[in-house]
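Trainee: This is the structure I have questions about; it appears just below.
Any read-out appearing in this document is the output of simple, stated calculations on the displayed coordinates, not a laboratory observation. Just so we're clear, the structure is a prediction, and the values are computed from it rather than from any experiment. Every residue, glycine among them, receives a Cβ derived from its backbone with ideal geometry; neighbour counts consider all protein chains shown.
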Protein chains: 2
Amino acid sequence: MPSHRKALAVVLLSGGLDSATAAACAKRDGFDVLALTVVYGQRHARELTSARAVARALGAREHKVVEAPLDRFGGSALTDPRIKVPRGRNTSSMSRSIPATYVPARNTVFLALAAAYAEARGARAIYIGANAIDYSGYPDCRPEFLRAFERALARGTKTGVEGRPIRIKAPLLRKDKASIVRLAARLKVPIQRTWSCYLGGRVACGTCDSCLLRLKGFREAGKTDPVVYAARPLRRRKR
Amino acid sequence: MPSHRKALAVVLLSGGLDSATAAACAKRDGFDVLALTVVYGQRHARELTSARAVARALGAREHKVVEAPLDRFGGSALTDPRIKVPRGRNTSSMSRSIPATYVPARNTVFLALAAAYAEARGARAIYIGANAIDYSGYPDCRPEFLRAFERALARGTKTGVEGRPIRIKAPLLRKDKASIVRLAARLKVPIQRTWSCYLGGRVACGTCDSCLLRLKGFREAGKTDPVVYAARPLRRRKR
């Protein structure tokens, strides 16, 4: 019966741990999930396989995969093979400058597409797994950007001017990776299906920024990452 | 010599009269033009042919055509064949409600892609032919939206946080169609190459909202539209 239908939320689902956890948060908050994966010319399609598996496992009502060819514009290590993906950096230094893996205006484009989907389907919210703690180097993961974008949507969409603005929810915004790992476990996120590695191998590389951060999160949360890694960074052991 | 290069501006170029005039304004303002046409699943490709011809005629430094499949989300007469394009309405009543030709979050998506292009290429401004007078029914053509989006970009892009925010310029925002026609003529816009009709025939239909508005503009400006129409609306003649 339509009147008993749950409210809808569009969830930006990359296939990584964070966006999968954001999707689980949308479900926890009482929404039916419209999953949206944006293929933006990232170097590998491995994430897409994960996004599909995660959407299925979480019972998304729909999963749309759309293309937005940001690689046509260039300017990032994630879309331009001529720019090297940084590897083996110290995770504590990651936030000091905007990294080479920053994709110009990526979250702006993702949120714009999510807004188009949300408005066309009458969804009330957009969930995004943006995180301002571990990746404060990305300007489009900061709360001030997300708030400003939400205000733009309130002014530039039909639902906004009619008084039903689309809300942007970033439930992981102020969580460190260990808290995200714990939340994912509590909300029964299919962690083994997620993919965080910036490279697209058969197994995760274990040495790019994203792998390092993820492994650190699991370590600090006292949990084991079910994903298989080609290499795990050395760490001090008690003897 | 690179140091004598002009500053760059991304211009959203649909192929219509307004965006062609916006491109001519960017040139007048001293910018080199990076033209961007977004193919978003509109019903016809006729606009694309016009966009290519206009970019060439105006001497754009580059012209990128990218896809953003807004038709996958639905909700507009311009992308969904099941929704009828309104025809033969009274142009003075157009602004009273949001028309069926509104595409959810279209300008949000366009500006987001323009921002990605601008940031990747170091462009300082985005020009958009948005107009708040004749189409005040479109929420994403209003000045309050464009200002809010500009603020979001200042907070969510690398150039923004580094103190060189991308500016959004909408030189036609408060002009009526007759003033746009006069400006286009003055700036030597290749008017005969532009395409405004919502339908994709060999010649413009002359009866959709967009054709009616364009023809009214030429009439009020005292100029003849060089574009060929299948039909022109009846008007009172002096005998």
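Trainee: How big is the antiparallel share of DSSP beta bridges in the stretch A:2-221, given as a percent to the nearest 5?
Mentor: 5
Trainee: Right, another one. I'd like the mean, over residues of B:137-143, of how many other protein chain beta carbons sit within 10 Å of each residue's own Cβ.
Mentor: So the per-residue partner count for this stretch is 4.
Trainee: What is the sum of charges, Lys and Arg at +1 and Asp and Glu at -1, for the other residues whose Cβ falls under 12 Å from the Cβ of residue A:32?
Mentor: +4
Trainee: Could you give the distance between the Cα centres of the stretch A:164-217 and the stretch B:13-46, to the whole Å?
Mentor: 39
Trainee: In what order do B:218, A:110 fall by count of nearby beta-carbon atoms within 10 Å, going from fewest to most?
Mentor: B:218, A:110
Trainee: Could you sort the peptides B:124-132, B:98-106, A:154-162 by per-residue average Cβ neighbour count (10 Å cutoff), highest mean leading?
Mentor: So the peptides B:124-132, B:98-106, A:154-162, ranked by packing, come out B:124-132, B:98-106, A:154-162.
Trainee: Then there's this: Cut-off under 22 Å on the C-alpha distance; same-chain residues fewer than 8 positions from residue A:27 excluded. Which lysines are left, in chain and number order?
Mentor: Counting by Cα, and skipping residues close in sequence, residue A:27 has these lysines nearby: A:6, A:64, A:169, A:175, A:177, A:188.
Trainee: Under 5 Å between amide hydrogens, which residues at least 5 positions from residue B:37 or on another chain qualify, with H placed 1.01 Å from N in the peptide plane?
Mentor: Placed amide hydrogens put B:13, B:64, B:65, B:66 under 5 Å from residue B:37.
Trainee: Ranking B:141, B:208 by Cβ neighbours within 10 Å, fewest first, what do you get?
Mentor: B:208, B:141
Trainee: I'd like to know how the stretch A:2-221 sits against the 2.2 N^0.38 Å rule of thumb: what's its Cα Rg over that expected value?
Mentor: 0.97
Trainee: Fewest to most neighbouring Cβ within 10 Å: what's the order for B:227, A:39?
Mentor: A:39, B:227
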